[in-house]
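Peer 1: I'd like to ask some things about the structure below.
Any read-out appearing in this document is the output of simple, stated calculations on the displayed coordinates, not a laboratory observation. Quick caveat: nothing in here was measured; it's all calculated off a predicted structure. Quick reminder, even Gly has a Cβ in these numbers, built from the backbone with ideal geometry, and neighbours come from all protein chains shown.
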Amino acid sequence: MAVQLAKRMQRLGTETAFEVLARAKALEAKGRSVVHLEIGEPDFDTPRNIVDAGVKALQEGATHYGPSAGLPQAREAFAEHFSRDRGVQVTPEQFVITPGAKPILYFVITALVDEGAEVVYPNPGFPIYESVIDFVGGKAVPLPLREENDFRIDHDELRSLTNSNTRLIIINSPGNPTGGVLTMEDLEVVAEVAKKNDAWVLADEIYSHIVYEGEHRSILEIDGMAERTIVLDGHSKTYAMTGWRLGYGVMPQDLAPAIARLMTNVNSCTASFTQLAGVEALLGDQSGAEAMVKEFQIRRDLLVDALNDIPGLRCKKPGGAFYVFPNVEETGAKAEDFARTLLDEYGVASLAGTSFGRFGAGYLRFSYANSQDNLREAVTRIRRYVDDLARA
Ligand code: PLP
C-alpha cells in the first residue's frame, strides 16, 4: 500500500547528522577510511562510577515503571545538584526527567505554542528547534548568529524581531553548531525582551559544563526569570551518556504537570536504572567529566590553529561545546559541495552550516569529539582538498 502520511509530517524536519553518519558508514563498509567529525557526541565512554551505579540499579530491581515526571529520589538529587551548580534555588517539583533532553524541546514547544504564535530561535542552531516549531504550526522567527559577533545575539536585532505575538524565545549557550557563548549582557537583553512581551524563554543549556573560559551563566540567575524560563539540560554531553537517554527540564512548578502529562502520553517514564545512574553522575565523583573537558580544550586549540593555517579557511575559537564552525567561502566552493566532496573523495565527514539553518551558509561544522590523532589526520585531508581546489 502506498504510504500516505498525514499532512503535518510535511512540516517535520530532521537532523542531517544522522544522514551523514549513515553515508559515512556506507563508505566505510566499502573499505574506505573516514574520519568522523560529523557526530555530536563525546567519543569517551561513560565514566565507570556511573556505569557501576546503573548496573547496581538493574541488579537491585530498578526495572519497573516509575512516575512520569521522574523518580522522587532522582528529582530530589537533580534539584540539589542544579541549585548548587547554577546558584539558584530550585525544588524537585520543578523537574521533569525525560529520555534524553530532546523531549523537553518537543514537549515545551507543544505545551506552550499555539498555531500562529511566534517563536524566536537561534540560526544557525540545533535543527530540531525549527522542525518542532513548524510541526506544531508556530511561526519560526530566526535570530541570526553571526561570526563577526562571535556567534552571539545581536541585541537590537533581537529587540526588532520580538513583539506581543512572541510566545517563546529559544536560546542555546554554549551553542550548537558554533560553540558560541552568550554573555551576561546578552542574557539581560533576552530577559528584558521576554518580560516586555510576556514571552517564555527556553534556555537550552545542554553544553553548560563544556565551557573553556570563565563560568557558564544561566538566564535563571536574572531576577524575575524563574517564572517564565524552562532550562533544558541533561547527561548526554557532560557525562558521555548519549545512549542512556537522560535529560531534564527545570520549569515553574505550575508548568511541570503539563509536561509530565506529555511524558505519560509519549514515554510513560524515563528508564528507572538510567535515572539512578544519573544521580551518581551528578552527585558522585566528577573527575571523569572534568578530564573530558580538559581533553576537549586541547583538541579545540589544536583544530582551530590547524584550520586557520589552511589558506581559504577562517575559524573562530569557540568558548564552549565541542564544535568549530569555520568559514570556507574563500576556497570558492559552496559549503554543501565542500562537505560532500570532503567526505566522498577525501574521507572526512562533516556537516554543512546550512544543516543548521540558512544563516549557516558558507560554513561547516566539525565536531572535535574525536582523538587528537584523528583530528590531525582530518586536517591533513582537508588541507589536501583545499590545495586541490586552489589548483583546479
Ligand atoms: N540541544 C542541543 C543544542 C543539542 O546539540 C542536543 C544534542 O545533540 C540536544 C539538545 C539533545 O540532547 P539529547 O541527546 O540529550 O536528547
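Peer 1: In nm, to one decimal, how far is the Asp388 label point from the Ala22 one, both placed 7 Å along Cα→Cβ?
Peer 2: Result: 2.6 nm between the two label points.
Peer 1: For each pair in Lys195/Lys294; Lys30/Lys102; Lys195/Lys237; Lys139/Lys196, compute the distance between the two Cα atoms and list the pairs where it is over 28 Å. Please report the intermediate quantities before stating the final value.
Peer 2: Values: Lys195/Lys294 37 Å; Lys30/Lys102 33 Å; Lys195/Lys237 31 Å; Lys139/Lys196 19 Å.
Listed pairs above 28 Å: Lys195/Lys294; Lys30/Lys102; Lys195/Lys237.
Peer 1: When you count, for each residue, the other Cβ atoms within 10 Å and take the mean per peptide, how do 3-15, 84-96, 243-255 rank with the highest first?
Peer 2: Working: 3-15: 10.0, 84-96: 17.7, 243-255: 20.8.
Output ranking for 3-15, 84-96, 243-255: 243-255, 84-96, 3-15.
Peer 1: Cut-off is 10 Å between beta-carbons; in what order do Met184, Met241, Met1, Met292 appear when sorted fewest neighbours first?
Peer 2: Working: Met184 12, Met241 26, Met1 3, Met292 22.
So the residues, fewest neighbours to most, are Met1, Met184, Met292, Met241.
Peer 1: From Cα pairs below 8 angstrom and at least 6 apart in sequence, can you work out the relative contact order of segment 59-283, rounded to a whole percent? List each step's numbers first, then the result.
Peer 2: Values: 429 pairs, mean separation 66.5, N = 225.
Relative contact order comes out at 30 percent.
Peer 1: Moving on. Going by how many other beta carbons lie within 10 Å of each one, how would you line up Arg381, Arg314, fewest first? Walk me through the intermediate numbers first.
Peer 2: Numbers: Arg381 18, Arg314 15.
Exposure proxy ranking, most exposed first: Arg314, Arg381.
Peer 1: Which percent, nearest 5, of DSSP beta bridges in segment 59-283 are antiparallel? Show your work: numbers first, answer last.
Peer 2: Numbers: 9 of 27 bridges.
Beta bridges within segment 59-283, antiparallel portion: roughly 35 percent.
Peer 1: Where the centre of each part is set by its Cα atoms, how far does segment 91-116 sit from segment 299-319, in angstrom?
Peer 2: Centre-to-centre (Cα) distance: 36 Å.
Peer 1: Would you mind counting up the charge near Ala79? Only other residues with Cβ under 13 Å from its Cβ, with Lys and Arg at +1 and Asp and Glu at -1.
Peer 2: Spelling it out: positives minus negatives among the neighbours equals -2.
Peer 1: To continue, here is another question. Would you order Asp186, Asp154 from fewest to most other beta-carbon atoms within 10 Å of each residue's own beta-carbon? Walk me through the numbers before you get to the answer.
Peer 2: Values: Asp186 21, Asp154 17.
With the fewest neighbours first, Asp186, Asp154 line up as Asp154, Asp186.
Peer 1: Based on the alpha carbon coordinates of the chain, what radius of gyration and maximum Cα-Cα distance (Dmax) apply, in Å?
Peer 2: Values for the chain (Cα only, Rg and Dmax): 20.9, 64 Å.
Peer 1: Could you tell me how many degrees, from 0 to 90 and to the nearest 10, lie between the Cα long axis of helix 184-197 and the main elongation axis, the longest principal axis, of the Cα atoms of the chain?
Peer 2: 60
Peer 1: From the phi of every residue in segment 129-144, what ³J(HN,Hα) in whole Hz does the Karplus formula 6.51 cos²θ - 1.76 cosθ + 1.60 yield, where θ is phi - 60° and glycine or proline is x?
Peer 2: 4, 5, 4, 6, 4, 4, 4, 7, x, x, 9, 7, 10, x, 9, x
Peer 1: For segment 59-283, what is the charge dipole size about the Cα centre, in debye to the nearest 20, if Lys and Arg each add +1 at the Cβ and Asp and Glu each add -1 at the Cβ?
Peer 2: Numbers: 16 positive and 31 negative charges, 136 e Å.
Roughly 660 debye, rounded to the nearest 20.
Peer 1: Have a look at the DSSP beta bridges in the chain and tell me what percent are antiparallel, nearest 5. Don't jump to the answer; show the numbers that get you there.
Peer 2: Details: 16 of 36 bridges.
Around 45 percent antiparallel, to the nearest 5.
Peer 1: What ³J(HN,Hα) values, in whole Hz, does the Karplus curve 6.51 cos²θ - 1.76 cosθ + 1.60 give for segment 282-293 when θ = phi - 60°, with x put for Gly and Pro?
Peer 2: 7, 9, x, 4, 9, 5, x, 5, 5, 5, 4, 5
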